[in-house]
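Taking it in order: structure first as structure tokens, then the write-up.
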Amino acid sequence: MEQFLDEYINRIRPYFTGFPLHTAHEIASVFLAFKFGLYSNTIQECTKAIPLISDVGANGALKKGLLIIQATARNLDTAQFSVDVSLAFSESERRFVPILLPVEKIDDTVTLELDNALILIYCVAVITSPDDEEAMAEHRKFIVRLLGGYKKALGIS
């Protein structure tokens, strides 16, 4: 799954260039706050990052990923177990997510959307935020494990 992750990062790299360092750091902060279970911080970091990103092309997918993470963090922070299933990547945004599965192979759409959002946010932070390079490297195994859960569905042996 290491190779899959590297290939994904290289595939999306051209779409995520030129972010100001402040914006890139906000994106990395969203990932780190969520990963550490700091859900109120995640909500705040998303609130800061989302307006800094346009809705166009790959940035639209990134923004949607942030919205998915923010909604999930809000639910976890308030111990709500209802999930907004309408918050999902659109067909045009799907080309920028790492895990694309046929409908019949999707067991849990909400989890898939969250996993795609987390992996996308992580990879954009790796690409754009040199200040957070070390912190992102420390969480690479987490992302590889997330991807590993989809290994069979992706047809990777």
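The values are calculated or read from the model by the stated rules, or taken from the named source; none is laboratory data. Since we're looking at a predicted model, the values are computed, not measured. Cβ coordinates were reconstructed from backbone atoms using ideal geometry, including for glycine residues, and neighbour counts include every protein chain displayed.
A few remarks follow.
- Test: residue in region 96-109 that is at pLDDT 95 or above, under 16 Å from the mean Cα position of the chain (by Cα) and closer than 24 Å to H22 by Cα: yes
- Checking each residue in region 1-28 for being touching a residue at least 40 places away in the same chain (Cβ under 8 Å) and not hydrophobic (A, V, I, L, M, F, W, C) picks out E2, Y8, R13, Y15, T17, T23, H25.
- A single member of I69, I43 is in contact with a Lys or Arg (Cβ under 7 Å, 6 or more places away or on another chain) and modelled with pLDDT of 95 or more, and it is I43.
- Within this structure, D6 fails the test of being surrounded by fewer than 20 Cβ atoms within 10 Å (Cβ to Cβ) and at pLDDT below 95.
- All conditions but one from (1) assigned to a helix (DSSP H, G or I); (2) more than 22 Å from A49 (Cα to Cα); (3) in contact with an Asp or Glu (Cβ under 9 Å, 6 or more places away or on another chain) apply to T111; the one that does not is (3).
- Counted residues, region 101-129 - those being under 18 Å from Y15 (Cβ atoms) and either of a type in the set (S, T, N, Q) or free of Cβ contacts under 8 Å to residues at least 12 places away in the same chain (or both): 3
The rows are residues; the columns are (1) in contact with a Lys or Arg (Cβ under 9 Å, 6 or more places away or on another chain); (2) surrounded by 16 or more Cβ atoms within 10 Å (Cβ to Cβ); (3) β-branched (V, I, T).
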| site | (1), (2), (3) |
| --- | --- |
| F16 | no, yes, no |
| P20 | no, no, no |
| I27 | no, yes, yes |
| G37 | no, no, no |
| S54 | yes, no, no |
| K64 | no, yes, no |
| L76 | no, yes, no |
| Q80 | yes, no, no |
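- Any hit, region 138-153, residues being touching a residue at least 24 places away in the same chain (Cβ under 8 Å), β-branched (V, I, T) and surrounded by fewer than 20 Cβ atoms within 10 Å (Cβ to Cβ): yes
- Some residue of region 89-105 being among the small types (G, A, S) and more than 20 Å from E2 (Cα to Cα): yes
- Criterion violated by A117 - all others in (1) within 20 Å of E93 (Cα to Cα); (2) assigned to a loop (DSSP other than H, G, I, E, B) satisfied: (2)
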